[in-house]
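The values are calculated or read from the model by the stated rules, or taken from the named source; none is laboratory data. The shown structure was predicted, so the numbers you read here are calculated from the model rather than taken from an experiment. Here the Cβ positions follow ideal geometry from the backbone for every residue, glycine too, while neighbour counts run over all protein chains shown.
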Amino acid sequence: MKHVKFLSLTILLTFFLFACSENNNNKTSSSGDKETAPPPTTTSSAGNANWSCVIDGQPASGDLIGLENILGHQTNAAYIDDVDEGKELLFYLSDTKKAYTQGLHLLRFSVPAKAGTSSFGPEENGWGIEVDIIVNKDHTARYNSDSFTINVNTLSATRVSGTFSGKFSLNGNINDTDKKAIEVTDGKFDIPMKQ
């Protein structure tokens with residue numbers, strides 16, 4: 001009986017989140033196209049998220065804080081974790097349009113939790129950025145950082161903001177049609193910190 005009540009509550013919550021996200025994400029311009037997110041600023045309120053970048057020549061951006069993943073982390077929100085190398089700033093950026101789905105792009109950041117500029121090679125000292133691109137309904141291409149630079153402009157108990165760029169090589173579930181290397185440029189983020 002407890003399982004039935006829990007399942008009912010979960011289904012009800014899912015429908016509620018779906019309804020709320022649909023109302024917030026269906027803005028269209030006068031030409032009928034979806035509006036693109038404005039570039040991030042450092043004046044956002046504590047709960048808002050905003051990021052953008054160019055992934056292999058294609059613009060990507062997001063502003064919706066998503067549901068928790070299996071590790072308990074939400075997309076477009078940042079966390080401070082203890083790791084062997086010290087304090088880690090961990091966040092996932094996703095261009096999801098609905099809180100319960102993954103977007104076309106998912107960028108996972110694992111970088112030192114400090115303000116300032118950091119540059120790294122491939123998985124140097126455990127730090128890195130991973131880019132997942134959904135190629136089709138059956139395949140996601142995964143890219144690991146060869147070299148990247150991140151500049152954390154603001155790091156507080158409530159927000160983190162900065163810029164990023166890097167070069168990435170194909171890894172993981174490889175398909176012959178996947179590009180072997182991509183570049184991410186013009187990256188900007190301004191997202192809330194979660195406890």
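Worth pointing out:
- Inside the range 64-97, residues that are assigned to a loop (DSSP other than H, G, I, E, B) and out of contact with any Gly (no Cβ under 6 Å at 6 or more places or on another chain) make up a count of 12.
- Annotation note: of Arg108, Arg142, Arg159, the sole residue that is farther than 12 Å from Ile182 by Cβ, in contact with a strand residue (DSSP E or B) (Cβ under 7 Å, 6 or more places away or on another chain) and modelled with pLDDT under 95 is Arg108.
- Pairing residues of the range 169-195 that are more than 18 Å from Gly121 (Cβ to Cβ) with residues that are of a type in the set (Asp, Glu), at Cβ distances under 7 Å and at least 6 apart in sequence or on separate chains, gives Lys179/Asp56.
- Scanning the range 171-182 for residues that are surrounded by 14 or more Cβ atoms within 10 Å (Cβ to Cβ) and at pLDDT 90 or above yields one hit, Ile182.
- Filtering the range 66-87 to residues that are modelled with pLDDT of 85 or more and either crowded, with 19+ Cβ neighbours inside 10 Å or of a type in the set (Phe, Trp, Tyr) (or both) leaves Gln74, Thr75, Asn76, Ala77, Ala78, Tyr79.
- Checking Asp186 against (1) exposed (fewer than 15 other Cβ atoms within 10 Å of the Cβ); (2) out of contact with any Cys (no Cβ under 9 Å at 6 or more places or on another chain); (3) under 17 Å from Pro59 (Cα atoms); (4) charged (D, E, K, R), the condition it does not meet: (2)
- Answer residue from the range 156-170, given it is part of a strand (DSSP E or B) and hydroxyl-bearing (Ser, Thr, Tyr) and is surrounded by the most Cβ atoms within 10 Å (Cβ to Cβ) among those: Ser161
- Residues that are more than 15 Å from the chain's Cα centre (by Cα) and among the aliphatic types (A, V, I, L, M), drawn from the range 124-163: Val135, Ala141, Val152, Leu155, Ala157
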